[in-house]
Amino acid sequence: MKYNIALIPGDGIGPEVIRETCKVLDAIGEKYGHEFNYTEVLAGGCAIDEKGECLPEETVRICKESDAVLLGAVGGPAWDHLPGSERPEMALLGLRGQLGLFANLRPAMLFDELADACPLKPELVSGGLDIVVVRELTGGIYFGKKDIIETENGVAAYDVEQYSEMEVRRIARVAFDMAMKRQKKLTSVDKANVLESSRLWRRVVEEVAADYPEVELNHFYVDNAAMQLVRQPKQFDVIVTSNIFGDILSDEASQVTGSIGMLPSASLATGNFGMYEPVHGSAPDIAGLDLANPMATILSAAMMLRYTFGLLAEADAIENAVQKVLADGYRTADIAKEDETPVGTKKCGDLIVAAVLG
Ligand code: IPM
Ligand code: MG
């Protein structure tokens, strides 16, 4: 089979981690008889420099024409002086909105080999940790009405948190479907003791639950959820929540694993279309130095094979290859302990390619 992938290397370490990921995808292609065609497009700071805007129309068009999008990272200090609405990060919001990527899957798992990196007491995470945050990605306060206005007390600004039943229903379905494939436990996170939008959220999640009698559903207020994630993270299987709460809780969950350089993510639209990217950012301080950990992006490509292309064995092959490289004792600088000699970005990619082909 042939698959067309739009590549957005982006800024900082983005191009390096994307390069290694393509090597791994090509190895998968070779082994399983697939052809991955890549079209590179600009978004983020590099697009501002070359085209004067962070998300050129051509980028969106090519992404829409492709089967999936693979993104490295965007942003960096070179563009920090720009006003909020012109910053490279706006490319992400534009892609999410224009590609209809309403469901953001952010797994937070603790690799056995990296258990030491977890900042929590070992007894809290014994036996590993495997949580998926399902974050609503195209609604809520990120995309609601916003303005700066004059009031009698001077200038004021507002951002509106609004959810429709349809928006809650479709993200809830994604989360319940995910729970069905896992431990059948779903936690919906809201602030229903205060917010009207959260009360609607909770009501709709309850309605959808009727279609999933096997899934054990509970509801947490967001403040409690933030606390429980560090108090007893193993109680969670799938967490579903709004755009802004998901932004915050997914960062917290990733930090609980201690290895943000390892964590992939998927942003899905209706149908099988999706955009895949590492959870980490552009890490401009180490860009171009062959120090970046490409594993999060490589694992994002595994998610792409699984969710968009339905290539389950191939996705497993990538994940097993990463696991093998870790088990063999190889570490990039971000996950190496003091007494370990780290491998560089390229070498890490080569090792994963060898493990795929081996
Ligand atoms: C994320 C990021 C983005 C977000 C920013 C960069 C716009 O924090 O993907 O979590 O807030 O969604
Ligand atoms: Mg975030």
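The values are calculated or read from the model by the stated rules, or taken from the named source; none is laboratory data. Everything quoted here is computed from the prediction, not taken from an experiment. As a convention, Cβ positions derive from the backbone with ideal geometry for all residues, glycine included, and neighbour counts pool all protein chains shown. For accessibility, only protein heavy atoms count, side chains too; no ligands or nucleic acids. Shrake-Rupley method; radii C 1.70, N 1.55, O 1.52, S 1.80 Å.
To check you understand DSSP bridge types, tell me what percent of the beta bridges within the range 119-256 (both residues inside) are antiparallel, rounded to 5. Mind dumping the intermediate values first?
On the way: 6 of 20 bridges.
Within the range 119-256, antiparallel bridges account for around 30 percent of the total.
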With a 1.4 Å probe and every protein chain left in place, work out the accessible area per residue of the range 213-313 in Å², rounded to a whole number. 35
Taking amide H atoms as placed 1.01 Å from N in the peptide plane, list the residues 5 or more away in sequence, or in a different chain, whose amide H sits under 5 Å from that of residue 133. 106, 108, 239
May I ask you to compute the full-extension gain from residue 182 to residue 164, defined as 0.36 nm times their residue separation minus their alpha-carbon distance, rounded to one decimal in nm? 3.7 nm
Cβ-Cβ cut-off under 14 Å around residue 216, Lys and Arg +1, Asp and Glu -1: the net charge is 0
Tell me, in nm to one decimal, what length is gained between residue 203 and residue 80 on full extension, where the rule is 0.36 nm per residue of separation less the Cα-Cα distance? 40.2 nm
Simple SL model, points at 7 angstrom along Cα→Cβ for residue 337 and residue 285; separation in nm is 2.3
So what is the accessible area of the range 1-77 per residue, in Å², with the probe set to 1.4 Å? 41
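Roughly speaking, to the nearest percent, how much of the range 228-358's 1.4 Å accessible area is carbon and sulfur? List each step's numbers first, then the result.
Details: 2510 of 4840 Å².
Carbon with sulfur: 52 percent of the solvent-accessible area.
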Those helices of the chain passing the 15 Å axial Cα length cut-off and the mean Kyte-Doolittle cut-off of -0.5 (DSSP H runs only) are 14-32, 165-180, 243-257, 295-307, 312-327, 345-357
So for the chain, taking the charge dipole from beta-carbon charges (+1 Lys/Arg, -1 Asp/Glu), which of 342, 249, 124 sits furthest toward the positive end? 124
All other residues with a Cβ under 11 Å from the Cβ of residue 1 taken together, and with Lys, Arg as +1 and Asp, Glu as -1, what is their net charge? -2
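Which order do 338, 50 take by accessible area at a 1.4 Å probe, largest first? Kindly include the intermediate steps, with their values, before the conclusion.
Numbers: 338 195, 50 135 Å².
Sorted descending by solvent-accessible area, the residues read 338, 50.
Report the antiparallel proportion of the DSSP beta bridges in the chain as a percent, rounded to a multiple of 5.
Values: 22 of 49 bridges.
So the antiparallel bridges in the chain amount to around 45 percent.
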Once label points are set 7 Å from the Cα along Cα→Cβ at both residue 26 and residue 93, what is their separation, rounded to one decimal in nm? 3.7
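Would you mind working out the magnitude of the charge dipole of the chain relative to its Cα centre, with +1 at each Lys and Arg C-beta and -1 at each Asp and Glu C-beta, to the nearest 20 Debye?
Values: 33 positive and 55 negative charges, 183 e Å.
For this selection, approximately 880 debye.
Charges only on Cβ, +1 for Lys and Arg, -1 for Asp and Glu: so what's the dipole of the range 105-252 about the Cα centre, in debye to the nearest 20?
Dipole magnitude for the range 105-252 comes out near 360 debye.
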Amide H to amide H under 5 Å from residue 40: which residues, 5+ apart in sequence or cross-chain, H placed 1.01 Å off N in plane? 7
For the pairs 2/181; 23/181; 234/337; 23/324; 121/234, flag any whose C-alpha to C-alpha distance is greater than 20 Å. 2/181; 23/181; 234/337
Pop out the ³J(HN,Hα) list for the range 34-42 in order, Karplus 6.51 cos²θ - 1.76 cosθ + 1.60 with θ = phi - 60°, rounded to Hz; leave Gly and Pro as x. 10, 10, 9, 9, 10, 10, 7, 10, 9
Among 213, 82, 308, the residue whose Cα sits farthest towards the positive end of the charge dipole of the chain (+1 at Cβ of Lys and Arg, -1 at Cβ of Asp and Glu, taken about the Cα centre) is 213
Please compute the contact order of the chain in relative form: average sequence separation of alpha-carbon pairs under 8 Å and at least six residues apart, divided by the residue count, as a percent. 22
Helical contribution to [θ] at 222 nm, DSSP H n ≥ 4, -39,500 (n - 2.57), averaged over the chain, rounded to 500: -12500 deg cm²/dmol
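Let me have the relative contact order for the range 119-256, percent, based on Cα pairs under 8 Å that are six or more residues apart. Let's see the in-between values first.
On the way: 215 pairs, mean separation 51.6, N = 138.
For the range 119-256, the relative contact order is 37 percent.
Provide the gained length on full extension for the span residue 251 to residue 319, in nm with one decimal, where the gain is 0.36 nm per separating residue minus the Cα-Cα distance.
Working: separation 68, 0.36 × 68 = 24.48 nm, distance 2.19 nm.
Result for the pair: 22.3 nm of gain on full extension.
Hey, if we sort 343, 205 by accessible area with the 1.4 Å probe, largest down, what's the order?
Of 343, 205, the descending order of accessible area is 343, 205.
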Tell me, what HN-Hα J-couplings in whole Hz come from the Karplus equation 6.51 cos²θ - 1.76 cosθ + 1.60 at θ = phi - 60° for each residue of the range 107-114, using x for Gly and Pro? x, 10, 10, 9, 6, 3, 5, 10
